[in-house]
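Student: Take a look at this one; I'll ask things after.
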2 protein chains.
Amino acid sequence: MSAFAPLPDPPYYAVIFATQASGTDAAGYGRMAETIEDLATRQPGYLGIESTRGTDGFAITVSYWADEAALLAWKAVAEHALAQKLGKSRWYKHYTLRVALVERHYDGPEGR
Amino acid sequence: MSAFAPLPDPPYYAVIFATQASGTDAAGYGRMAETIEDLATRQPGYLGIESTRGTDGFAITVSYWADEAALLAWKAVAEHALAQKLGKSRWYKHYTLRVALVERHYDGPEGR
């Protein structure tokens with residue numbers, strides 16, 4: 001499976017989720033990330049996800065959504081799943097989440 | 001220095017750059033990434049950058065820009081810098097670049 005999400009015609013939405021893991025319960029963090037990704041793929045309007053994490057525990061996950069309705073539906077599901085788990089553990093030292101409308105895209109390299 | 005970019009009031013622009021390193025010339029790739037980030041920080045309208053790379057060579061870098069003019073000026077600078085170097089090396093097996101307008105954001109966790 002490619003690590004790249006597909007490129008449907010813009011506009012579509014991106015949710016940029018940056019996290020710094022606390023370092024406690026790395027296995028729990030990994031399971032949670034998998035659960036969230038698995039839930040995302042089953043949502044209506046889900047377009048794709050890209051995720052990577054450095055050895056310092058700083059991770060960026062970008063999920064892509066067809067429209068705002070899909071985004072809001074996903075938000076409710078993700079918050080519910082997180083709320084169920086976050087009381088028990090503390091994976092994130094800090095996170096930021098940005099909702100952005102993708103206007104255009106490119107890929108490459110060309111000609112290879 | 002925090003790995004997180006600051007959160008100015010939306011709207012502002014995000015450039016989501018996902019890359020799969022080819023595995024050839026990892027040192028050259030690292031230098032190039034540093035050069036590009038260094039150039040970005042000196043551009044007008046630069047707001048911040050977040051970047052992480054997994055052990056599989058898949059990397060996500062998100063840079064943030066005040067407005068479309070800042071974005072376009074940065075595009076010209078980045079393309080020039082890349083064009084000078086890309087003839088000599090082949091860091092990226094594949095890349096995607098998405099330009100997105102950040103509409104809102106959140107951070108947390110709350111209450112800690």
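Student: Run through the other copies and list how far each one's label point is from that of A:Gly23, in nm with one decimal, shortest first; the point sits 7 Å from Cα along Cα-Cβ.
Tutor: In ascending order, 3.2 nm.
Student: Enumerate by residue number the trypsin sites (Lys or Arg not before Pro) in segment A:19-77 meeting two conditions: DSSP loop (anything except H, G, I, E, B), and at most 15 other Cβ atoms within 10 Å of the site's Cβ.
Tutor: Values: sites: A:Arg31, A:Arg42, A:Arg53, A:Lys75; in loops: A:Arg42.
Passing sites in segment A:19-77 are A:Arg42.
Student: If you don't mind, there's one more thing I want to ask. With angles folded into 0 to 90 degrees, how steeply does helix A:26-41 sit against the dominant principal axis of chain A? Use alpha carbons for both and round to 10.
Tutor: The answer is roughly 40 degrees.
Student: Return a whole-number percent for the relative contact order of chain A, with Cα pairs under 8 Å and 6 or more residues apart as the contact set.
Tutor: Over chain A, the number comes to 45 percent.
Student: Could I ask something else about it? Put the label 7 Å from Cα along Cα→Cβ for B:Tyr106; what are its distances to the other copies, in nanometres, shortest first?
Tutor: Distances between equivalent label points, in nm: 3.3.
Student: Next question, about the same structure. What are the GluC sites (Glu not before Pro) within segment A:32-76 that DSSP puts in a loop, where the Cβ has at most 11 other Cβ atoms within 10 Å?
Tutor: none
Student: Okay, next question. What is the count of Lys pairs in the protein assembly as shown whose alpha carbons sit under 23 Å apart, if the two are 8 or more places apart or on different chains?
Tutor: Lysine pairs satisfying the spacing and distance rule in the protein assembly as shown number 8.
Student: Can you list the copy-to-copy distances for B:Asp38, using a point 7 angstrom from Cα toward Cβ, in nanometres, shortest first?
Tutor: Values, ascending and in nm: 4.5.
Student: Kindly write out, for segment B:66-78 in residue order, the coupling ³J(HN,Hα) from the Karplus curve 6.51 cos²θ - 1.76 cosθ + 1.60 (θ = phi - 60°), rounded to whole Hz, with x marking Gly and Pro.
Tutor: Rounded to whole hertz, the list is 5, 7, 5, 4, 4, 4, 5, 5, 5, 4, 4, 5, 5.
Student: Put one equal scatterer on each alpha carbon of the protein assembly as shown, apply the Debye formula with no solvent term, and list log10 I(q)/I(0) at q = 0.07 1/Å to two decimals.
Tutor: Those come out to -0.21, one per q.
Student: Mind checking the alpha-carbon convex hull of chain B and giving the volume per residue in Å³?
Tutor: It comes to 116 Å³ per residue, whole-number rounded.
Student: How much accessible area per residue does the protein assembly as shown have, counting only protein heavy atoms and a probe of 1.4 Å, in square angstrom?
Tutor: 51
Student: Nearest 0.05, what FRET efficiency do B:Asp56 and B:His80 give at R0 = 22 Å with Cβ-Cβ as r?
Tutor: About 0.15, to the nearest 0.05.
The values are calculated or read from the model by the stated rules, or taken from the named source; none is laboratory data. Values in this document were obtained by computation on a predicted structure and should not be read as measured data. Cβ: placed from backbone, ideal geometry, glycine included. Neighbour counts: every protein chain shown. Each accessible area value is taken on the protein alone, full model and side chains, heavy atoms only, with ligands, DNA and RNA left out. Shrake-Rupley method; radii C 1.70, N 1.55, O 1.52, S 1.80 Å.
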